[in-house]
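FYI, it's all coordinate maths here, none of it is from the lab. Please read these numbers as outputs of a predicted model, since none were measured by experiment. As a convention, Cβ positions derive from the backbone with ideal geometry for all residues, glycine included, and neighbour counts pool all protein chains shown.
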Amino acid sequence: MNKIILIISILFLTTSIKGQVLLVDSITNEPIVGATIYSNDGLSLDVSDINGIIDISKYNTDRILIQHVSYESKEISTKMLSKSKTIIVSPRNIQLESILVQDPNKYDYVVLKGYFRTYFIFNNKPNYFYDGIIEYYIPIKNQRKVYHKLLEYRYFQNNESVNDYVHIFGISLSFPPKIFPLESKSSINQIPKGVNHIDKGDKIFFMKDGLNMGFIQKTKSGNIQFYFDKVPPQKKISRTLFKIKGELYRGLTIENYSETDIKNPSLKNLINGTRLAIGAVQIKKEHGFIPMETFEEFYVIERSYLQKADVDKLKKSFTKSIYLDTKSNYSREFWKDLKDYNISPLSNNILKQLNTVLEEK
């Protein structure tokens, strides 16, 4: 791994004039992939690629915020960035409560209680933000249905942006916010057909047509990191449905697990997950392609286990829909507990938007 980092660093030195900066782990010196870069006004500018590199030449902002589910957030001026070849970011110490059991495999379900949040940008303006606490009841032994219980959440929206969306796309193409997607199997089992798995021991690469689309690896800390972008490097995915045209530029899935089988990680070992979609949609030629971005995160804060009979007794209390009402529903200020679990705080840019640009409903 150190040789790989050295090679990347040498290559980086030869291309730094183009504005590339390498993000690295402060402890392991491993490249940090999937870090999101935000501007002053909360818009996402970039995502560090599979080699941990960002391209600052396209940033038009005074300061940026670097954010990743597994690392401490870092704010830095673009002037400082232009003088740097490498940015060092400190890993976050995840605080997770687990109910100790002698043998988890004797149980039928793992219960993952966690914090989720989603930020949607439409036409370069914040459209909505919501976060909350949820419980997932995930089968361990087979592919039974995943149940969930939405405990509480808050919802904010930009009325002007929402109205613009409806004006362009209509009510029929307006979809309510939904919970973070978790299925009974890990994302490695959902990789599309045609993607080859190249096993290198502690790291498996996902390759298609000679292009590297991601990997799953065992890090120096012993955890398992999964990274997959459904869009090949330097390409886009285009789709057309009737008169609607869509383009997807990034379709990232990032998951982190505690020690588990690298070839088949179990969701009972999930620590956190991220979904990022960057694309554009055209429905009318006069509007052109309108950019959209969705950023979703889920952090496990508590893990427990149940037998099937116990889950059956709880079914009446489960939330049936994956969609949320566009109205806050909470009894306590759960977002103030994030620091207790060392979950990355909201960026200052998004915090400034709450109850100003983004109005709570």
Q. Using a basic spin-label model with each label point 7 Å from the Cα along Cα→Cβ, how many nm lie between Asp340 and Gln307?
A. 3.1 nm
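Under the Kirkwood approximation for Rh and a Cα-based Rg, what ratio Rg/Rh is obtained for the chain?
Rg/Rh: 0.95.
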Q) Could you give the distance between the Cα centres of segment 341-358 and segment 259-295, to the whole Å? A) 20 Å
Q: Determine, for Phe129, Phe242, the number of other Cβ atoms within 10 Å of each Cβ, and report the residues in order from fewest to most.
A: Phe242, Phe129
**Q.** Dipole magnitude of the chain, debye to nearest 20 (Cβ charges: Lys/Arg +1, Asp/Glu -1, about Cα centre)
**A.** 820 debye
Q. Using 7 Å Cα-to-Cβ label points, what is the Arg332/Asn40 separation (nm, one decimal)?
A. 3.9 nm
Q. With r defined as the distance between the Cβ atoms of Lys208 and Thr240 and R0 fixed at 35 Å, what FRET efficiency is calculated, to the nearest 0.05?
A. 0.95
Q. Which of the peptides 84-91, 21-28 is most tightly packed, and how do the rest follow, judged by the mean count of other Cβ atoms within 10 Å per residue?
A. 21-28, 84-91
Q) Roughly speaking, what is the stretch gain from Asp55 to Lys220, that is 0.36 nm per residue apart minus the C-alpha to C-alpha distance, in nm to one decimal? A) 56.8 nm
(Q) I need to check one value: relative contact order of the chain, counting alpha carbon pairs closer than 8 Å and at least 6 residues apart, in percent. (A) 19 percent
Q | For segment 27-180: rounded, prolate or oblate by the Cα gyration tensor [a/c cutoff 1.5] | A | oblate
Q. Tell me, in nm to one decimal, what length is gained between Ser82 and Lys316 on full extension, where the rule is 0.36 nm per residue of separation less the Cα-Cα distance?
A. 78.6 nm
Q | FRET efficiency, 1/(1 + (r/R0)^6) with R0 51 Å, evaluated for Ile27 and Asp325 via beta carbons | A | 0.75
**Q.** At R0 = 30 Å, FRET efficiency that the Cβ-Cβ distance of Glu286 and Asn355 yields, to 0.05
**A.** 0.30
